[in-house]
Amino acid sequence: MAANLEPRIAELRQLVAANHGRNVADPAFARRVDELISVFYDDIGEIIQVDLKSLFDLFLLKVLYVQRQSSDAQVLEYLGGMMSRFLYTRELFPIVHGRRRFGMLVSDILEETSHQPRHFQNRFEAYRKFGDYSLFLTGIFPASMRRSRAPGRLRRSPDLPLVDQSYYVTFGKGYYRLAASHELAEEIQQRPVLEKLASFFEIYMQALTELSERYIMGFDMQLIADKMLDNFNLYRRTGDEHYMDNARKYAALLKVDRSSFPRLWRQHRPALLD
């Protein structure tokens, strides 16, 4: 089943695109999403090669389309592309690993709003990217948004107010609005998407935070627990050590107390050859 994961995700994507503007996440659709996420977790000992964009699309279908009843296929496509670009190319990691570096970037942004941005081809590209930075960081790495004084070179003044996540939310919404109002947004048909990202920034941020906690920075612990018990029961029925090995790996992710499931760690004596 794992080999068919990407085509099956693509089928769901096509269904959503065909119904743009109308949410079709009925119970059957929700079950299909859950089944595909379960397939991804099926064999913890196997490395499943899945296109990163497809994987993020699946997680977005879960947290945004199924759980929050989003009806905008174009926003889902945009967010999937944004996440795969940042995480796959490591475009954002130099900023994420040090909050001060992100702060310095923000101060550079503030300076560049008064003239042609130095690091981008045009203002539209800069505005859109600054909105993306803010949404990605506040959504995927909310813990990095601790209260601090205004970032970068602006930090020199002791009179500057403290800033927190709400500062970056306002910052991101503002730049998405600037991007949406730019003539290039109409030319590449992204104006509706950028307007929606600005208007509902907090909702998308919350969805990305849930996605991060369950699938990127952490695991879906309920699903992991179910997989552990399923494999343990399969071992009890079949005696196949493969299932016991998987159960131990799932248990390790859950940090299960060994005293609660002693049979998971019981050492089996090898059979003696006569």
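A198: modelled with pLDDT under 95 and either in contact with a strand residue (DSSP E or B) (Cβ under 7 Å, 6 or more places away or on another chain) or not acidic (D, E) (or both), yes or no? Quick ask: steps written out before the conclusion?
Numbers: modelled with pLDDT under 95: no; either in contact with a strand residue (DSSP E or B) (Cβ under 7 Å, 6 or more places away or on another chain) or not acidic (D, E) (or both): yes.
Judged against the criteria, A198 is not a match.
Restricting to segment 118-156, count the residues that are modelled with pLDDT of 55 or more and either surrounded by 15 or more Cβ atoms within 10 Å (Cβ to Cβ) or farther than 26 Å from E210 by Cβ (or both). If you could, list the steps in order and put the result at the bottom.
Our first condition is that a residue be modelled with pLDDT of 55 or more; within segment 118-156, this holds for 118-146.
Now drop any that are not either surrounded by 15 or more Cβ atoms within 10 Å (Cβ to Cβ) or farther than 26 Å from E210 by Cβ (or both), which leaves 118-142, 144-145.
Of the residues in that region, 27 qualify.
The values are calculated or read from the model by the stated rules, or taken from the named source; none is laboratory data. From a predicted model like this one, the values you see are computed outputs, not experimental measurements. All Cβ positions, glycine included, derive from the backbone under ideal geometry; neighbour counts span all protein chains shown.
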